[in-house]
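Peer 1: Would you mind keeping the following structure in view while I ask a few things?
What follows is calculated from the coordinates using simple rules that are stated; it is not laboratory data. If you're wondering where the values come from, they're calculated on a predicted model, not measured in any experiment. Note: ideal-geometry Cβ built from the backbone for every residue, glycine included; neighbour counts use all protein chains shown.
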Amino acid sequence: MTFRWFGADDPVSLRHIRQIPGVRGVVSALYDVPVGDIWSRDNLDQLAGSIDAEGLELAVIESIPVHEDIKLGRSGRDRLADQYAESIGSIGEIGVPVLCYNFMPVFDWMRTDLSMRLPDGSFALAYDDEVLARMDLSKGTGDLPGWATAYDSATLAGLLDAYSRVSEEQLWDNLAWFLERITPAAESAGVKLAIHPDDPPWPVFGLPRIITSGPALEKLVGLVDSPANGVTFCTGSLGAHEANDLPAMARRLGEKGRIHFAHCRNVKRTGPRAFHEVAHLAGDGDVDMHGVLTALRDTGFDGPMRPDHGRMIWDERGRPGYGLYDRALGATYLQGLWEGLSI
Ligand code: CS2
Ligand code: MN
């Protein structure tokens, strides 16, 4: 069981993480490297060292962001892919076995409300396509309620314009090109690549999104037929789409040995393209957590797992989705489920 940590600025400390039962692995990243630059061994050593010093272990890098020029297939992508491969080499050298990354154009996860009040008084992240349609991008990413690299209005408009000429097929081609370029480096470094599904799993602001379903994940692992080319099975991202049968998807990908990382999060769907996040318990939302963990267990999954986004509870203030308390409850719930399946 692992736990995401955002480095020295994270209101959640490594000492707190060390006190969560059963958690020894930390999921982290270098947050001050400009997108596209090489991750240096020195900085990685420092990150791993600070985690070791607290009796924990750097288990997963999440994420090395992929430069938009790679996703857009622009010239310059050769150098950027070489640099990405070099960073993967360094991750392998310090002994981190998994790299989570994503291929979402411009935005990472996207919500329309970062603190929706739930009936029990807790606060959760929420998404509604109708609200999204009214959101204004003319001022850049500004204070959009999602996780976006900050872009001013001109840069954002330029990117949106460039993507308006990129079809889903082209985005797939660009992803295949990228994977062909970096998978050999991952293989020789002993690092497993784990793509994170698009969140939410449908287009936002007219931008194409392709990693959205079981067939898409299977297509992905087929692009480069290497055990190093796998996925992050994120139940919350995939679970926002009603059509996704999560236990069946986990079973098929697990049988291929391509699930390298598990993100467990629960969501409650409130409309065709609307949902909000809930506590991790299967009974609280639409994700069949027991079914997913059973599929992982049956197919021999032994990689890192982490509780994904949690609600804000007990008056905690901090990074939306990434507070301590609800994610810690999630970690213990998931371990209880897993322990029950192991008897
Ligand atoms: C999200 C993402 O679901 C999640 O874990 O918080 O930010 C995720 O970390 C990235 O998309 C992975 O590349
Ligand atoms: Mn996730």
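Peer 1: Ser342 versus Asp173, label points 7 Å from Cα toward the beta carbon: distance in nm?
Peer 2: Distance between the two pseudo-spin positions: 4.8 nm.
Peer 1: Turning to a different aspect of this structure: For the range 1-72 and the range 136-202, what is the separation of their Cα centres, given in Å?
Peer 2: When both Cα centres are located, 20 Å separates them.
Peer 1: Let me ask something additional. For the chain, give the magnitude of the charge dipole about the Cα centre (Cβ charges: +1 Lys/Arg, -1 Asp/Glu; no others), in debye to the nearest 20. Don't skip to the answer; put the middle values down first.
Peer 2: Working: 32 positive and 49 negative charges, 76 e Å.
For this selection, approximately 360 debye.
Peer 1: Mind ranking 44-55, 258-269, 20-31 by how tightly packed they are, going by the mean number of other C-beta atoms within 10 angstrom, highest first? Could the numbers behind the result be given before it?
Peer 2: On the way: 44-55: 15.3, 258-269: 24.8, 20-31: 18.1.
Per-residue Cβ counts within 10 Å, averaged per peptide and sorted highest first, yield 258-269, 20-31, 44-55.
Peer 1: Using 7 Å Cα-to-Cβ label points, what is the Asp42/Asp82 separation (nm, one decimal)?
Peer 2: 2.2 nm
Peer 1: Just want the answer: with Cβ charges of +1 for Lys and Arg and -1 for Asp and Glu, which residue in Ile211, Trp109, His280 is farthest toward the dipole's positive end in the range 2-342?
Peer 2: Of the candidates, His280 comes out farthest on the positive side.
Peer 1: In terms of Cα to Cα distance under 25 Å, which lysines are near enough to Lys139, apart from those fewer than 8 places away along the same chain?
Peer 2: Lys71
Peer 1: Oh, and also: Let me make sure I get this right: for the chain, a, b and c are the square roots of the gyration tensor eigenvalues over alpha carbons, sorted descending. Under 1.5 in a/c it's rounded, otherwise prolate if a/b > b/c, else oblate. Which is it? Intermediate values should be presented prior to the final figure.
Peer 2: Details: a/c = 1.27, a/b = 1.08, b/c = 1.17.
Rounded.
Peer 1: Multiplying the sequence separation of Glu93 and Ala8 by 0.36 nm and subtracting their Cα-Cα distance, what value in nm do you get? Could you put the intermediate results ahead of the total?
Peer 2: Numbers: separation 85, 0.36 × 85 = 30.60 nm, distance 2.29 nm.
Taking 0.36 nm per residue and subtracting the Cα distance, the gain is 28.3 nm.
Peer 1: Here's something else I'd like to know. Within the chain, what percent of beta bridges assigned by DSSP are antiparallel, to the nearest 5? Provide the component values of the computation, followed by the final result.
Peer 2: On the way: 15 of 40 bridges.
DSSP beta bridges in the chain are roughly 40 percent antiparallel.
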